[in-house]
Each structure stands twice: as C-alpha cells, then as structure tokens.
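Worksheet: one structure, shown below.
The values are calculated or read from the model by the stated rules, or taken from the named source; none is laboratory data. A quick note: this is a predicted structure, and the numbers were derived from the prediction, not measured. Here the Cβ positions follow ideal geometry from the backbone for every residue, glycine too, while neighbour counts run over all protein chains shown. To get the accessible areas, we keep the full protein, side chains included, count just its heavy atoms, and leave off ligands, DNA and RNA. Shrake-Rupley method; radii C 1.70, N 1.55, O 1.52, S 1.80 Å.
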Amino acid sequence: MRKALRWLLALTVLIGTLSTAGAATAAQPEATGTGDIKDRLLSVPGMSLIEEKPYPGYRFFVLNYTQPVDHRNPKAGTFQQRITVLHKDAGRPTVFYTGGYSVSTTPSRREPTQIVDGNQVSMEYRYFTPSRPAPADWSKLDIWQAASDQHRIFKALKPLYDKKWISTGGSKGGMTATYYERFYPRDMDGVVAYVAPNDVVNKEDSAYDRFFTAVGTEECRDRLNAVQREALVRREPLEKKYEAYAAENGYTFKTIGSLDRAYEAVVLDYVWGFWQYSLLTDCGTIPADAAKATDEEIWTSIDTISGFSFYTDQGLEPYTPYYYQAGTQLGAPTIHFPHIERKYVRYGYQPPRNFVPRDIPMSFQPWAMRDVDTWVRHHAHHMMFVYGQNDPWGAERFRLGAGARDSYVFTAPGANHGARVAGLTDGEKNLATARILQWAGLSSAAVSKAEPLARFDAKLDRRMPERGLRP
C-alpha cells in the first residue's frame, strides 16, 4: 500500500511538473537585449509594477506577477503574487530568496547575495496576504504548488538574468528552497538552506525533548524552566492581567478557543522561544529565582520572549497559511515538560489545527515530508544546509545520504535560529563560501579567496534570526 501511494504521488508530481512547465514556457518573453531593466521586467507577460524604491548601487522593484491558483489546471483562475527584485547587474549571478511567509518591501540582501555580489529576486509565499486568491481554495496551498510558483517566476526572469542562479531561504524559507529543488532540480545551480527543519515522521518528536535536556548550560536551563513553571503556578493572577491586556487592545480568542488556552500556549512557547531567538549570553536577563520574582517580572519575561498577543485571533490570522501547511504537510513538534507537574498543564503543546479557523478543512499527508527527505538523501546536488547549535529547530534536520553530491550540512557553534555561514568555524566558513561562489559561476580567483564579494551594508545585510515556524 505504501509503495502504491509513493508511486501515485510521484506520478502526480511528474504530471503536474510537465503541465506547469508547458504553461510557463508558453508565457515567456524572448530575451529583450540591454534595455532599461524596469522596461525589461515589465515586458514579462503577467508582470506589473507596484513601486520602485531607490537604493544606492541598486534598483529595487516591488512587483506583482500573475500566477495560476492551480498549476495543474492553469485555466481554473489566477492570483497576483508579490515579488521584489533587487537589481545589481544583469551580468551578475542571481539569488532567489523566500522566507516562506510574506515578502518585505524594504530593500534587503540575504547572505548568499552578499557573497556573490549579485541580484536578488524575493518571492512572497502563496496565500500570505496580499498574495492570496479570492476566494481562497486552501487545498491549493501545498509545497508542490508553491515550488511551481517559483519555477514560473524563474522561467519568466531567466531571459533577463541569464547567469547562474542560487536559491536560498531560512526556517520555512529554507524548507521552501529544499522543496523547490526536489520538484524542479534543473532550475537552480545551487541551494543554500538555512535552519530548515525536517519533520519526517510527525508523531516522533523525541529529538526535541533530548535537545532541551542538553542545550546551553544547566544553570540557564534551570532558570528558564523555573520561570515557565511559575507562570503556570500563578495562572489565576496572571490570567487576570491577560484579560485586562486583551480588553485594552481589543484581542479575541475565537480561533484557539479561549483565553486560558492562549495563555498556556504562550507560556509553553517560552523555553523554545528563548533558544530560538536568544543566545546563551542572554541568560542573565532571565529571573534568577522565579519563586521570589514578582508577577510583573514573570509576565514581562514571558511576554518579551513569547508574546502574549500571538495566540489571539489578531496575532494568529497573518500566519494561517503556515499553520495550515504545518497541519497538512510540514508537520509540527510535540514536546513535553518534565519539569512541570501535570496538574499545571491542561492542554500541552497544541497542534496546528487549534490555530486555524475551523471553517478551513485540514487533513494531514504523512508521505509529503518522507518523500522530500528521501529525495534529499539520495539526490542532493549542490545543496548546503546551515544550522545553529542552540536552535531547537535543528533537532530534526536534513541529512545527506550516499547519493548526495557536492552537498553539505554545517552547524554554527553557539548560534540560534539566525545561524549564518559567517558564524561557522573558519575552515567550514571558507569551504561554504567557496562552494557558493563556485556554484554561482564566479572566477577561480574569487573561489580560492573564499570571501564575500560585496562589502557588508548595515541596512541591506541586517542579520536577524529567521522567522520561526512557531512564530
């Protein structure tokens, strides 16, 4: 039965790939010479300009691109997908970036773009507003449809940017870059996936529990665990504060079901959130003796790291597409809290279904991640995975098998969810940088030097941790 399902999935993917490739090819412009890049971009069928923003040394465009809602049936309707183009020079390599969520309309440069001193195309993930069909058929939000979005954008822009292309992304974006490579392995010349989780078996999450017993130092773990426990011990007074906070800001709790459920979800995210976004050196900001801390100190520590606004309807709504995918294909972690007595934990780590409005149907596809994992192990080529040592999401990661070629998995010491090539040990940093430069088709001299070709720009290259999968 499992073999039959895998065969059927592979056939479906193949049919979809062929039909989308045909549709994309039919829509492509011919190479348009050396005219103004704005005119060349707008000559692409389906491309329209939202705005152009100036930035020294670049031209930055915010654009809409017409995409099929269903790449298997392009005649079934379209939607406008927002993309941005940071144009350096058509003669330079191009980096294709997605964070897996909404796209920023402020000029920015990802690490591979700085390394190769190239152009950057950034894509907003389908169903994140405003790149959402109306009405929204949620069954068309899956990893193959999103990979097909990238494929059509690449085919549309390749005649304009005809040098090498490298895809990249962090967190859900790193997963997205990996899925794109799985379904369209001939598009990109290299993949740099940052902090990309790989939840192959959704019901088996013991790796996360093991992670939390060893991360950082015992002193830091004890501080965090004590504050988390104390927030549940003091549930009654702190929930009264939460009620006042919600009333003051107009927050509601229809999706998750109640303020009580939201409160516990925020508190149970606390330890995870600290290691995802903070460093070991930040442990000094955590109350040293939770039992003696004031209610305000406990509240502030939880709110600073987890955010009491997040599990409100207003906080969850922008992330509905993510939680839908987590509950249908990506999977989501389930962790345990041995330092907290069972009487204080009413709901546990809640599943994605609790964070998506009930009028949106969801059904989990357990084969989706296993298919990707198997493909990466046996077929990865020019792929690089970068993880942070202290990032919880790295507990379940992509691994390479005997079939992988010129591909790597690196871990940045002490890093969180913001791990970068620049944070690797010197030897690994040089290797990773050299491979990226070579995949981008740059000179042997540049590859040998193994240094970023563009200088660091404090505005373009801000190194913030990637948005998390439990944001």
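What percentage of all Cα-Cα pairs in region 102-224 are separated by more than 25 Å?
Tail fraction, whole percent: 39.
Based on the Kirkwood radius over alpha-carbon pairs, what value in µm²/s does the Stokes-Einstein equation return for the translational diffusion coefficient of region 266-363 at 25 °C and 0.890 mPa s?
D, rounded to a whole number, is 160 µm²/s.
Could you tell me the center-to-center distance, by alpha carbons, between region 30-96 and region 128-200 in angstrom?
15
Applying 1/(1 + (r/R0)^6) with R0 = 35 Å to the Cβ-Cβ distance of A214 and A90, what FRET efficiency is obtained, to the nearest 0.05?
0.10
With an 8 Å cut-off on Cα pairs and a minimum separation of 6 or more residues, tell me the relative contact order of region 112-206 in percent.
Computed value for region 112-206: 24 percent relative contact order.
Based on Cβ point charges of +1 for Lys and Arg and -1 for Asp and Glu, what charge dipole magnitude is obtained for the chain about its Cα centre, in debye rounded to the nearest 20?
It comes to approximately 1340 debye.
What Kirkwood radius, in Å to one decimal, follows from the Cα pairs of region 408-464?
The answer is 12.3 Å.
Once the cut-off is 21 Å, how many percent of the Cα-Cα pairs in region 28-121 end up in the long-distance tail?
Above the 21 Å cut-off, region 28-121 has 36 percent of its Cα pairs.
Kindly flag which residue pairs out of K172/K241; K140/K172; K88/K172; K88/K158; K53/K459 have an alpha-carbon separation exceeding 24 Å in this structure.
Going by Cα-Cα distance, K172/K241; K88/K172 fall outside the 24 Å limit.
Full-extension gain between T294 and R462, please, as 0.36 nm times their residue separation minus the C-alpha to C-alpha distance.
Full extension from T294 to R462 adds 56.9 nm.
Remind me, what semi-axes does region 93-160 give for its equivalent ellipsoid, largest first in whole Å, using sqrt of 5 times each Cα gyration tensor eigenvalue?
24, 14, 10
Loop-only trypsin sites (Lys or Arg not before Pro) in region 219-271, please: DSSP not H, G, I, E or B, and at most 11 other Cβ atoms within 10 Å.
Those satisfying the criteria are K254.
Share of antiparallel DSSP beta bridges in the chain, in percent to the nearest 5?
Roughly 50 percent of the beta bridges in the chain run antiparallel, per DSSP.
Any idea which of G394, S444, G414 is furthest toward the positive side of the dipole for region 372-453, if Lys and Arg beta-carbons carry +1 and Asp and Glu beta-carbons -1?
S444
Identify all aspartates and glutamates with a Cα-Cα distance to K155 below 19 Å; exclude those on the same chain that are fewer than 8 residues away in sequence.
Partners within reach: E30, D39, D70, D89, E124, E181, D187, D189.
Could you give the accessible area per residue of the chain, probe 1.4 Å, as a whole number in Å²?
42
Quick one: Debye curve from the C-alpha atoms of region 364-438, no solvent, what's log10 I(q)/I(0) at q = 0.15 Å⁻¹?
Calculated log10 I(q)/I(0) at the listed q: -0.56.
Roughly how many percent of the accessible protein surface of the chain is carbon and sulfur, given a 1.4 Å probe and a whole-percent answer?
52
Tabulate in residue order the Karplus-calculated ³J(HN,Hα) for region 162-178, using 6.51 cos²θ - 1.76 cosθ + 1.60 with θ = phi - 60°, rounded to whole Hz; enter x for Gly and Pro.
Result, ordered by residue: 9, 8, 5, 10, 10, 9, 7, x, x, 6, 4, x, x, 4, 4, 4, 5 Hz.
Looking at the P(r) of region 340-393, how many percent of alpha-carbon pairs lie beyond 17 Å?
So the pairs more than 17 Å apart make up 69 percent of the total in region 340-393.
Determine, from the Cβ-Cβ distance of E51 and I360 and an R0 of 45 Å, the FRET efficiency 1/(1 + (r/R0)^6), rounded to the nearest 0.05.
The formula returns an efficiency of 0.90 here.
May I ask you to evaluate 6.51 cos²θ - 1.76 cosθ + 1.60, the Karplus curve with θ = phi - 60°, for each residue of region 227-243 and list the ³J(HN,Hα) values in order in whole Hz, giving x for glycine and proline?
Running phi through 6.51 cos²θ - 1.76 cosθ + 1.60 with θ = phi - 60° gives 5, 4, 4, 4, 5, 7, 4, 9, 3, 4, x, 6, 6, 5, 5, 5, 4 Hz.
Using only helices, what value at 222 nm comes out for the chain when you add -39,500 (n - 2.57) per DSSP H run of length 4 or more and divide by the total residues, to the nearest 500 deg cm²/dmol?
The per-residue figure over the chain is -11000 deg cm²/dmol.
Would you please report the Å³ per residue occupied by the convex hull of the alpha carbon atoms in the chain?
Here the figure is 154 Å³ per residue.
Run through region 187-235 and list the GluC sites (Glu not before Pro) located in a DSSP loop whose Cβ has at most 15 other Cβ atoms within 10 Å.
Hits after loop and neighbour filter: E204.
Going highest first, how would you order 167-176, 366-375 by mean Cβ packing within 10 Å?
Taking the mean over residues of other Cβ atoms within 10 Å, the ranking is 167-176, 366-375.
What percentages make up the Cα-Cα pair-distance distribution of region 329-471 when the bins are 5 Å wide from 0?
Cα pair-distance distribution for region 329-471, in percent: 2, 8, 12, 14, 18, 15, 12, 8, 6, 4, 2, 1, 0.
Could you rank the peptides 418-428, 243-253, 177-187 by their average count of other C-beta atoms within 10 Å per residue, with the highest value first?
177-187, 418-428, 243-253
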